[in-house]
Amino acid sequence: MGRGKRIDPRPELPLFASSGKHELVAEHVTQTFLDENGSEVWALDDFSLTVSGSEIVGIIGPSGCGKSTFLRLVVGLDEPLSGALSFDGETINGPSVARSMVFQNANLFEWLTVEENIAFGLHATHTYDKGKYKIPRLIEMMGLGGFERAYPPQISGGMASRCALARSFVLNPSLICFDEPLSALDAFTRAALQDEILAMQTIAHTSMILVTHDIEEAVYLCDRVVVMTPRPGRTKGELTIDLPHPRDRVSPEFVNRRRQLLAMLDDSESVSV
Ligand SMILES: Nc1ncnc2c1ncn2[C@@H]1O[C@H](COP(=O)(O)OP(=O)(O)OP(=O)(O)O)[C@@H](O)[C@H]1O
Ligand SMILES: [Mg+2]
């Protein structure tokens, strides 16, 4: 079923070529760090998660429970202490264009224009000539028209987030990890960008993992939400959000899912709904 409102304006040139048949498998992942005093910080404990096809899976949990730690393992920025992570059957042992990440602060390159930021991945992978047709289309789809040559300090926070989204899609990733990508935005911009994420996902069939502190955002976007325990992060419970899109944020079904997630976060016992 289509989730978003927009369609690709020129489908004859593939903006995205994702088959939608992806699988992330994380099994029994444990991660520790040393703090500034040399003491061990146990961030993740026996955490397992599978994300398949064009699923959007949310992860919520208390601050410090290991959500960002997990995303860094998925995109190959770190290695786990124990456990295994694979994507499409191959062990994850470093970064790949198939798995991209969008951070809380848009993390744009300030010395590059909007257009150049979006094109960055194409240059980095020496595929600019082949893929440059995507740039104006991503700019159009993300509503950044007229700001192509602006530098990050000259655009709003919402525009910066749109630019970061476009940048994350340009290499046609199979999986995107979102680490609270919209948390710095006002409610209005945030709601608009949630719809953009759904629209892009409808076209690209990308698997998505969304870390968020916003329960409403999780219910609005996700097919499934995993609730984590306080550190060390383990799976506390999981809720399937089987509501059709577009979702009505004030419908009794929507409000009920929010209530269920809040109860799962509050309850000290393990919960599965
Ligand atoms: N590179 C690091 N060195 C030392 N400790 C780290 C490192 N990265 C994370 N930690 C610690 O691991 C724990 C989990 O951190 P993480 O950033 O994954 O939490 P989080 O769930 O994303 O929290 P938040 O919701 O606040 O973003 C925290 O106690 C953090 O201090
Ligand atoms: Mg975090």
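The values are calculated or read from the model by the stated rules, or taken from the named source; none is laboratory data. The shown structure was predicted, so the numbers you read here are calculated from the model rather than taken from an experiment. Heads up, the Cβs are rebuilt from the backbone with ideal geometry, glycines too, and the neighbour counts pull from every protein chain shown. To get the accessible areas, we keep the full protein, side chains included, count just its heavy atoms, and leave off ligands, DNA and RNA. Shrake-Rupley method; radii C 1.70, N 1.55, O 1.52, S 1.80 Å.
Some points to look at:
- Among residues that are in contact with a His (Cβ under 6 Å, 6 or more places away or on another chain) and away from ligand 1 (no atom under 16 Å from the Cβ), Ser100 is not included.
Every residue, every condition in (1) closer than 19 Å to Glu180 by Cβ; (2) more than 20 Å from the chain's Cα centre (by Cα); (3) in the same structural domain as Val226 (by TED's automatic domain parsing), yes or no:
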| residue | (1), (2), (3) |
| --- | --- |
| Val29 | no, no, yes |
| Ser39 | no, yes, yes |
| Asp45 | no, yes, yes |
| Val51 | yes, no, yes |
| Phe70 | yes, no, yes |
| Glu79 | no, no, yes |
| Ala84 | no, yes, yes |
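- Residues in the stretch 68-86 that are in contact (Cβ under 8 Å) with a residue 60 or more places away in the chain, within 13 Å of ligand 2 (Cβ to nearest atom) and open to solvent by 10 Å² or more (accessible area, probe 1.4 Å): Ser68, Thr69.
- Which numbered condition Arg99 fails, given (1) touching a residue at least 12 places away in the same chain (Cβ under 8 Å); (2) within 30 Å of His126 (Cβ to Cβ); (3) open to solvent by 50 Å² or more (accessible area, probe 1.4 Å); (4) not aromatic (Phe, Trp, Tyr): (3)
- The lone exception for Phe120 - which of (1) open to solvent by less than 50 Å² (accessible area, probe 1.4 Å); (2) free of Cβ contacts under 8 Å to residues at least 60 places away in the same chain; (3) in a helix (DSSP H, G or I) it fails: (1)
- Flag for Phe147 being under 22 Å from Ile203 (Cα atoms) and either modelled with pLDDT of 95 or more or within 16 Å of ligand 1 (Cβ to nearest atom) (or both): no
- Pairs with Cβ under 7 Å, 6+ apart, first in the stretch 163-178 and closer than 17 Å to Phe147 by Cβ and in the same structural domain as Phe120 (by TED's automatic domain parsing), second among the polar types (S, T, N, Q) and open to solvent by less than 10 Å² (accessible area, probe 1.4 Å): Cys163/Asn117; Arg167/Asn117
- The criterion of at least 1 residues that are basic (Lys, Arg), buried (at least 18 other Cβ atoms within 10 Å of the Cβ) and at pLDDT 95 or above is met, among helices (runs of 4 or more DSSP H) falling completely within the stretch 180-273, by 252-266.
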